[in-house]
Structure formats: C-alpha cells, structure tokens
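Chemist: Just passing along the structure, written as structure tokens.
What follows draws every value from the coordinates through simple rules; no lab data is involved. Remember, it's a predicted structure, so these values are computed and weren't measured experimentally. Note: ideal-geometry Cβ built from the backbone for every residue, glycine included; neighbour counts use all protein chains shown.
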Amino acid sequence: LGAPTNELLGETCFSIILDEDKHKLTSALEKVKQQESAYLQLSSKYKDGFTYFLYVTIVPIIIDGQISGSYIMVKDITALKKQQEEIKYLAFHDTVTKIGNRAFFHKKLKKVIKNAKTTESEFALLYLDLDRFKAINNTDT
C-alpha cells in the first residue's frame, strides 16, 4: 500500500479502502459471520496517493461450531488490473491515431441507441468518408 508495515499498524480495513468499496467489505464480513468464505476485489489509496487494487479472501475460523476469528489474505492485483485496462484500450483504439476504432464505434453506438429508446429521445448520426484516409492513417509519424 505504499507504506512500511509499521505505518499500517493500528489501521482498520475500512480506513485503507476507498469509500466506494466499503459496502463490498461490509457484505463480505456479513457473509463470513454466516460461516461462509468471501472473495472480493477492493481499491485502496494510501499516503502515496496511488490507487492499489486488491484481491481479498476472507475465511472464517470455526472451532466447535463457533467463529473464533478469520484468515484474511490480500493479494495486490494492481499490475494485473493495469494490464487488463491496457488490453481493453488496445481492443477499442487505433494504435496509430489513438482514436476509437470500429469496435469502439459500435459499442458507443449501441449505448446511444439504447439511451435514445429509454429516454424516448432522438439522435443523429453523421457519416463522413475521407478519401485516401487509409494512406494517411497507415503513415508512421
């Protein structure tokens, strides 16, 4: 989390995760109280200001039918999330121009059509065909 272990002593789970993920942790802890394991992804931002992505496993320790504690295992998946975002970006953007590609266009168009139907509003689509754009697009700059 961008901090030495001794700086994290005394911190609670809730104090180191982002507000928008606190409900996930609350739900997971409720599940553990029912003697079930919980698996979740959380986002954390600590003193360095960097956002960390964590995969958390919480397993109840059950002795004589009662919960006596829990094992909490946390794995930093920040690099994995970064790779996933990069792959997603590459799937929807042209590598030369960095603008949205055909897949990006279709995804956005579906959203616009769905929104227009939901809100009973109108929209217009402008189609522009640039002559010889492919020759320009394929040029290394």
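Chemist: If you average 1/r across every pair of different Cα atoms in the chain and take the reciprocal, what Kirkwood value do you get, in Å?
Modeler: 19.8 Å is the Kirkwood radius here.
Chemist: For an R0 of 41 angstrom, estimate the FRET efficiency from the Cβ-Cβ distance between SER121 and ALA91 and round to the nearest 0.05.
Modeler: Numbers: r = 29 Å, r/R0 = 0.71.
Computed FRET efficiency for SER121 and ALA91 comes out at 0.90.
Chemist: Using a basic spin-label model with each label point 7 Å from the Cα along Cα→Cβ, how many nm lie between SER70 and LYS107?
Modeler: In this crude spin-label approximation the distance works out to 3.3 nm.
Chemist: So how strong a dipole does the chain carry about its Cα centre when Lys and Arg Cβ are +1 and Asp and Glu Cβ are -1, to the nearest 20 debye?
Modeler: 560 debye
Chemist: Hey, another quick one. Ranked by Cβ crowding within 10 angstrom, fewest neighbours first, how are VAL74, VAL56 ordered?
Modeler: VAL74, VAL56
Chemist: Rounded if a/c is under 1.5, else prolate if a/b is larger than b/c, else oblate: which is segment 93-137, with a ≥ b ≥ c the root eigenvalues of its Cα gyration tensor?
Modeler: It comes out oblate by the Cα gyration axes.
Chemist: On to the next question. Given the options ILE67, ILE16, ILE77, which has the most mean-square fluctuation in a GNM of the chain, springs set between C-alpha atoms less than 10 angstrom apart?
Modeler: Most flexible of the set in this elastic network: ILE67.
Chemist: Stretched out fully, how many nm does the piece from HIS23 to ILE62 gain, at 0.36 nm a residue minus the Cα gap?
Modeler: Answer, rounded to one decimal: 11.6 nm.
Chemist: Which far-off residues, 5 or more places away or on another chain, put their amide H under 5 Å from the one on ASN101, with H placed in the peptide plane?
Modeler: HIS93, ASP94
Chemist: Taking the chain as a Gaussian network, where each spring joins two C-alpha atoms under 10 Å apart, which residue of THR78, THR26, THR118 fluctuates the most?
Modeler: THR118
Chemist: As a test of the formula, what do you get for the chain when each DSSP H run with n ≥ 4 contributes -39,500 (n - 2.57) and the sum is divided by the residue count, at 222 nm and rounded to the nearest 500 deg cm²/dmol? Kindly include the intermediate steps, with their values, before the conclusion.
Modeler: On the way: 6 runs with 58 residues, N = 141.
Here the helix-only value at 222 nm equals -12000 deg cm²/dmol.
Chemist: Which of TYR89, TYR55, TYR127 ends up with the largest GNM mean-square fluctuation for the chain, with Cα atoms connected below 10 Å?
Modeler: Per the Cα network of the chain with a 10 Å cutoff, TYR127 tops the list.
Chemist: Using a cut-off of under 20 Å, list every residue of segment 50-67 whose amide N is near the label point 7 Å from the Cα of LYS82 along the Cα-to-beta-carbon line.
Modeler: Taking a point 7 Å out along Cα→Cβ of LYS82, the residues of segment 50-67 whose backbone N falls under 20 Å are 50-56.
Chemist: Measure up LYS24/LYS75; LYS31/LYS82; LYS22/LYS114 against 26 Å on the Cα-Cα distance and list the ones that go over. Could you put the intermediate results ahead of the total?
Modeler: Details: LYS24/LYS75 16 Å; LYS31/LYS82 29 Å; LYS22/LYS114 31 Å.
LYS31/LYS82; LYS22/LYS114, as the Cα separations exceed 26 Å there.
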